[in-house]
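Engineer: Before I ask anything, let me first share the structure, which is written out below as structure tokens.
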Amino acid sequence: MKNLYRLLDLTKIIINEIIDYGASYFRVKKFKVDIVENLALKNANKNNPQAILDTIDYYAWNEAFLMNIGDEKGLLLEKAIREKNPANCLELGVYLGYSSIRILRNLHENSKLTSIEASNKYFEISQKIVSHSGLSNRWKPMKGKSKDVIPSLKEKYDFVFLDHWKDEYLSDLKTIQRQGLLNDKAVIFADNVVLFNMEDYLSYVRNSSTFESKFISTMREYSKTQPDGIEISIFNKDD
Ligand code: MG
């Protein structure tokens, strides 16, 4: 029964996304991400990251679903960043730049974030929003599919945030590992592992001796009833 509810909720989100995309394609109404971009740039003063996050959260709670990490899990992401104090972060899946802002505002002066986004539209919007937040000086956005961009990466990372296509979490993590892009004790923070029933990914990080993994139960972003969760896995280089 629980699975059925989860499936219905997920189906509802996907259908709404398709309707929204279709309506904006046929110019019946504005695409919701364009509306959010305008609101974020207009309502929030420049260099005020919190005002941007508040604007996006308000829209997602009251107008239409947005696939950001959201306010509840977003605070867990920020806490994980502060605890790890990473020098170099990697983010897969940027969308509107919401989580990039949450990561960037917790980084120390010399730390930085590289973010990979496959969609042209989201890539452009996130650039405008993050730059409006005043946090883009330590941010390197890269456009392309993660599986195409990751092989070009040369630096090592201490923190990886996974929030892109759900069927790519596992293969991308394996590529990142194979390429030696993880520093010892790197933190892998994966969103939506319950909502999308990510058993393959979870069984990999939980059963591999290379990772020490813990699960935190949460609600899905912008929902008070739909279960979700995040998985935080720590990489042990020598295992
Ligand atoms: Mg997510």
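No value in this document is a laboratory result; all are computed from the given coordinates. Computed from a prediction, not measured in an experiment: that's the story for all the values here. So basically every Cβ, Gly included, is an ideal-geometry build from the backbone, and we count neighbours across all protein chains shown.
Engineer: Relative contact order for the chain: what percent, with Cα pairs under 8 Å and sequence separation of 6 or more?
Structural biologist: It comes to 17 percent, rounded to a whole number.
Engineer: Next up: Provide the per-residue ³J(HN,Hα) series for the range 71-83, in order, calculated from phi with Karplus coefficients 6.51, -1.76, 1.60 and θ = phi - 60°, each as a whole number of Hz, with x at glycine and proline positions.
Structural biologist: Couplings: 6, 5, 6, x, 5, 5, 4, 5, 5, 5, 5, 5, 5 Hz.
Engineer: Write down the radius of gyration of the range 16-149 and its Dmax, each obtained from C-alpha positions, in Å.
Structural biologist: 14.7, 46
Engineer: Calculated from DSSP H runs of 4 or more alone, at -39500 (n - 2.57) each and per residue, what is the 222 nm mean residue ellipticity of the chain, nearest 500?
Structural biologist: The helix contribution divided over the chain gives -14000 deg cm²/dmol.
Engineer: Still on this structure, I have one more. For the range 185-239 and the range 81-119, what is the centre-to-centre distance using only Cα atoms, to the nearest Å?
Structural biologist: Value for the Cα centre distance between the two parts: 18 Å.
Engineer: Could you list Arg206, Arg178 so that the one with the fewest beta carbons within 10 Å of its beta carbon is first and the one with the most is last?
Structural biologist: On the way: Arg206 14, Arg178 10.
Taking fewest neighbouring Cβ atoms as first place, the list is Arg178, Arg206.
Engineer: Taking Rh as the Kirkwood radius computed over C-alpha pairs, what is the Stokes-Einstein D of the range 90-206 at 4 °C in a medium of viscosity 1.567 mPa s, expressed in µm² per second?
Structural biologist: 89 µm²/s
Engineer: Amide H of Met142: which non-local residues (sequence gap of 5 or more, or other chain) have their own amide H closer than 5 Å, using H built in the peptide plane?
Structural biologist: The answer is Ser115, Ile116, Glu117.
Engineer: Percent antiparallel among DSSP beta bridges with both residues in the chain, to the nearest 5?
Structural biologist: 40 percent
Engineer: Grab the beta carbon distance between Trp61 and Thr175, set R0 = 35 Å, and tell me the FRET efficiency rounded to 0.05.
Structural biologist: 0.50
Engineer: Name the long-range amide H neighbours of Trp165: under 5 Å, sequence gap of 5 or more, or other chain; modelled H, no Pro or chain starts.
Structural biologist: none
Engineer: Compute the length gained on full extension between Leu41 and Asn85: take 0.36 nm times their separation in residues and subtract their Cα-Cα distance, giving the result in nm to one decimal. Walk me through the numbers on the way to the answer.
Structural biologist: Details: separation 44, 0.36 × 44 = 15.84 nm, distance 2.90 nm.
Here the segment from Leu41 to Asn85 would lengthen by 12.9 nm.
Engineer: Å³ per residue of the Cα convex hull, for the range 37-235?
Structural biologist: Details: hull volume 20.8 nm³, N = 199.
Hull volume normalised by residue count: 105 Å³.
Engineer: Quick one: net charge of Tyr201's neighbours, Cβ under 12 Å, K/R +1, D/E -1?
Structural biologist: -4
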